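Working notes for the structure below.
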Amino acid sequence: MITRRNLIWLIPLLLFLSYPLWRSPAAAFLSPRGGYDASFADRKLDSHNFDLEGVRITQSEDGNTTLEIAAKRAYTGQKKDEFLLDEVDAVIIAQDGEQTFVSARRGVLDKPQSILTLIDEVVVMKPKDKFELYTDLLIYSESTHLAVSPGRTQVLGEKIDITGNGLTFNTTTSAYDLGGRVRCRLSNFSKPAPTPSP
């Protein structure tokens, strides 16, 4: 007598006995399509390309933020880990927390080397020292804390206007080195007192 309980054992038994009949169609249905190409495992993957708008990049060292970059547009360059930037606004933060503000039309961020290159209408403002710097090319290295401008550079500050070719600025020590033909104009300085004659 076949009861409901016996039917439960009967279904797996029928599947087992009919296995030779449905094995080939099931294997054909479940096999992957297109075969296997061994050269597929050796192919080189494409690099990640991106084009983003309204980008913010933050760089830290020992848990402290050292560089903040805001750009209207960022996209990948020809080199790996190189980001091209449009309409750049950056803030360089020294170890004591002093901020230096930088803006430029274009920029290139080399991430592995931690180098930010700013191009076209570069303006650097240091509110604490009350000076502004104008140039067309500025290269800032995060590892050395040096900002280098190889071309014509103008520094404006309180009562001072300096123009020269080639500037090196150490953001840690606030030391400047201005080279080439340097022109300096000072204003509102008192006339030196005449030396008494003997």
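The values are calculated or read from the model by the stated rules, or taken from the named source; none is laboratory data. Values in this document were obtained by computation on a predicted structure and should not be read as measured data. Backbone-built Cβ (ideal geometry, glycine too); neighbour counts: all protein chains shown. The accessibility values were calculated without ligands, DNA or RNA, using every heavy atom of the protein model including side chains. Shrake-Rupley method; radii C 1.70, N 1.55, O 1.52, S 1.80 Å.
Things to note:
- Whole-percent carbon and sulfur share, accessible surface of the chain, 1.4 Å: 57
- The angle separating the long axis of helix 4-17 from the principal Cα axis of greatest extent in the chain is about 80 degrees.
- Note on exposure: Phe169, Phe50 ranked by accessible area (1.4 Å probe, complete protein assembly) read Phe50, Phe169, with the most exposed listed first.
- Ordering of 59-71, 13-25, 117-129 by packing [mean C-beta count within 10 Å, highest first]: 117-129, 59-71, 13-25
- Calculated FRET efficiency, Asp51 to Ser31, Cβ-Cβ distance, R0 = 41 Å: about 0.50 to the nearest 0.05.
- Cα shape, the range 94-171, gyration tensor, a/c 1.5 rule: oblate
- Length released on extending from Ile115 to Thr168, taking residue separation times 0.36 nm less the Cα-Cα span: 17.6 nm
- Peptides ranked, highest mean first, by Cβ atoms within 10 Å: ranges 130-136, 82-88: 82-88, 130-136
- Segment Glu61-Leu156, extension gain: residue separation times 0.36 nm, minus the distance between their alpha carbons: 31.1 nm
- Accessible surface computed residue by residue for the range 70-198, with neighbouring protein chains in place and a 1.4 Å probe, gives 62 Å² per residue.
- Label sites at Val91 and Arg183, each approximated as a point 7 angstrom past Cα along Cα to Cβ, lie 3.6 nm apart.
- Seen against the Cα atoms of the chain and their longest principal axis, helix 19-30 is set at about 20 degrees.
- For the chain, projected area of the alpha-carbon convex hull averaged over all directions, nm²: 24.6
- Relative contact order for the chain: 9 percent, from Cα pairs under 8 Å spaced at least 6 residues apart, divided by residue count.
- Electrostatic tally near Asp129: other residues with Cβ closer than 14 Å to its Cβ, Lys and Arg +1, Asp and Glu -1, net 0.
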